[in-house]
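Here the structure is laid out as structure tokens; the discussion comes afterwards.
Just so it is clear, none of the values below were taken in a lab; they were calculated from the coordinates. The structure displayed is predicted, hence computed values, not measured ones. Heads up, the Cβs are rebuilt from the backbone with ideal geometry, glycines too, and the neighbour counts pull from every protein chain shown.
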Amino acid sequence: MRVFALVAASLASMALAQNCGPQYQNQVCAAGKCCSQYGWCDTTPAHCDPATCLKQYSGTGSSCKNGASTTLKTSSTKKPTSTSSPYASSIPVIDVCGSAQGGVSCPGAGLNGYFYRCCSSAGHCGPKNDIQDQSLYCGTGCQAGYGKCDTETKPPEPTSGAGTAQAGGSCGPIVNKKCASGLCCSGSNFCGTGTDFCGAANWCQPKWGKCS
């Protein structure tokens with residue numbers, strides 16, 4: 001229990017440190033990190049997309065600085081597109097949600113919309129992967145007006161061959177892709193290296209890549 005509490009606290013503090021933009025007291029991301037349209041700092045293609053990232057709140061040296069600036073969106077209307085595969089082609093860009101985050105709702109992702117469906121008391125969408133306990137997001141304090149607050153059966157593990165994702169690409173059960181050799185699949189479902197991707201405190205997914 002103590003280890004679980006420490007991991008949860010570490011995750012929460014990391015999340016708070018990565019907020020940015022006008023909804024977060026005009027905070028600017030750390031050097032090299034992009035501020036997504038939803039006010040979240042990271043280095044993934046989704047966060048650094050020049051068409052949607054917030055240039056003025058991205059860190060020095062980030063790829064967003066070379067792109068166009070956009071205004072902050074407060075809701076997500078994107079829905080997964082239908083394809084021949086039951087798996088999504090990308091991970092939801094949205095992470096923050098709830099009354100304190102401009103009324104953003106969690107969209108649901110993956111098979112049966114199991115992932116990213118609940119808005120936690122801390123204002124984050126989840127569960128993000130199949131190793132997180134859904135009660136962290138859907139249990140006590142879950143914000144019912146901004147997503148689901150229920151208990152659902154975890155989707156079965158993929159039976160078809162998993163694809164391969166490179167650094168910065170999407171990985172995990174939502175897209176059914178494993179990271180290329182030497183790369184870790186983070187709890188947020190992106191491939192990379194270092195503590196943010198490979199550390200247990202950040203929910204590194206051993207089924208989908210390397211973990212330290």
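For T164 and S135, calculate 0.36 nm times their separation in residues minus their Cα-Cα distance, and state this gained length in nm to one decimal. Don't skip to the answer; put the middle values down first.
On the way: separation 29, 0.36 × 29 = 10.44 nm, distance 2.98 nm.
Extra length available between T164 and S135 comes to 7.5 nm.
Which pairs in the list K33/K210; K55/K148; K55/K207; K55/K154 are over 30 Å apart, alpha-carbon to alpha-carbon?
K55/K148; K55/K207; K55/K154
With the contact rule set at Cα under 8 Å and sequence spacing of 6 or more, what percent relative contact order holds for region 99-146?
34
Measuring from label point to label point, each 7 Å out along Cα→Cβ, what is the Q27 to K207 span in nm?
Between Q27 and K207, the label points sit 3.2 nm apart.
Given a Förster distance of 35 Å, report the FRET efficiency between T193 and S121 from their Cβ-Cβ distance, rounded to the nearest 0.05.
Approximately 0.65, to the nearest 0.05.
Length gain on complete extension for the stretch A180 to E157, per 0.36 nm per residue less the alpha carbon to alpha carbon distance?
Taking A180 through E157 to full extension adds about 6.4 nm, to one decimal.
Between beta-carbons, use under 15 Å as the cut-off and find the net charge around Q205, counting Lys and Arg +1, Asp and Glu -1.
Net of charged neighbours comes to +2.
Using θ = phi - 60° and the Karplus form 6.51 cos²θ - 1.76 cosθ + 1.60, what ³J(HN,Hα) does each residue of region 46-53 get, whole Hz, x for Gly and Pro?
5, 6, 9, 4, x, 7, 10, 5
Could you run the Karplus curve 6.51 cos²θ - 1.76 cosθ + 1.60 with θ = phi - 60° over region 195-212 and give me ³J(HN,Hα) per residue in whole Hz, x for Gly and Pro?
Rounded to whole hertz, the list is 4, 4, 9, 9, x, 5, 5, 9, 6, 3, 9, x, 6, 10, x, 7, 9, 7.
Among 103-110, 159-166, 178-185, what's the highest-first ranking by average C-beta atoms within 10 angstrom per residue?
Per-residue Cβ counts within 10 Å, averaged per peptide and sorted highest first, yield 103-110, 178-185, 159-166.
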